[in-house]
1. What are the ³J(HN,Hα) couplings of region 70-84, residue after residue, when phi is run through the Karplus curve with 6.51, -1.76, 1.60 and θ = phi - 60°? Round to Hz, x for glycine and proline.
2. Would you grab the residues whose amide H sits under 5 Å from the one on Leu43? Only those 5+ places off in sequence or on another chain, please, with H modelled 1.01 Å from N.
3. Tally Lys/Arg at +1 and Asp/Glu at -1 over every other residue whose Cβ is under 12 Å from the Cβ of Glu82; what's the total?
4. Report the Cα centroid-to-centroid distance between region 1-64 and region 124-145 in angstrom, as an integer.
5. Hey, quick one: spin label on Arg54, modelled 7 Å out along Cα-Cβ, who in region 8-23 has an amide N within reach, i.e. under 20 Å?
Amino acid sequence: MSERPWSVAVSLHDIPETGRHFELLADDTIRAAIAKTAQLRALPRLEATFDVTRRGSDGLHVLGRVSATAGQVCVVTLDPLENEIDEAVDVTFLPDATRGDAARKRVLEVASDDEPEIEPLINDTIDLGAIATEFLLLGIDPYPRKPEAVFEAPPTEDAADHPFAALAGLRKGSHDA
């Protein structure tokens, strides 16, 4: 398994009953590594704010935002451009259901239908850097385009010049006979 470019591990035991607020700002080295992974031209800004609270006695809830400036290349003009990313984060982490029937039962009891995402809490730890990176990657426009960029298809060739024009002519001749 490769090393994550941004790792901010937080243990369940580091979160008081009242919760804890985190403000994360990725440094130049982290941004460069993530930009390379995401195939971005640049990543001049990446920050995240999270409120982490307890979910039951052995789970965590992460609520926050990931915002960034992503340097990309316009798919139409190939000019550089920057896109602003602002992604909401709302994830609940519950004990790993693979540990046994008791843990699996707690996951099912605590989980509700209105939760957007439930992830396993492994070794009582979450990684806020990995969460921020994941939501950044989800927010990147896969086909960035400058607002004024318009794709214009190349002009079509004369119908008589295409490779199958001779065959089309033969076909016309067979219908006339």
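1. With the stated coefficients, region 70-84 comes to 10, x, 10, 10, 4, 6, 9, 9, 6, 7, x, 8, 10, 10, 8 Hz.
2. Gly71
3. With Lys, Arg at +1 and Asp, Glu at -1, the neighbours total 0.
4. Here the answer is 10 Å between Cα centres.
5. Answer for region 8-23: 10-22.
Throughout, read-outs are computed from the coordinates displayed, never taken from laboratory work. Since the structure is predicted, the reported quantities are computational estimates derived from the model, not experimental observations. With ideal geometry, Cβ positions are generated from the backbone for all residues, glycine too; neighbour counts draw on all protein chains shown.
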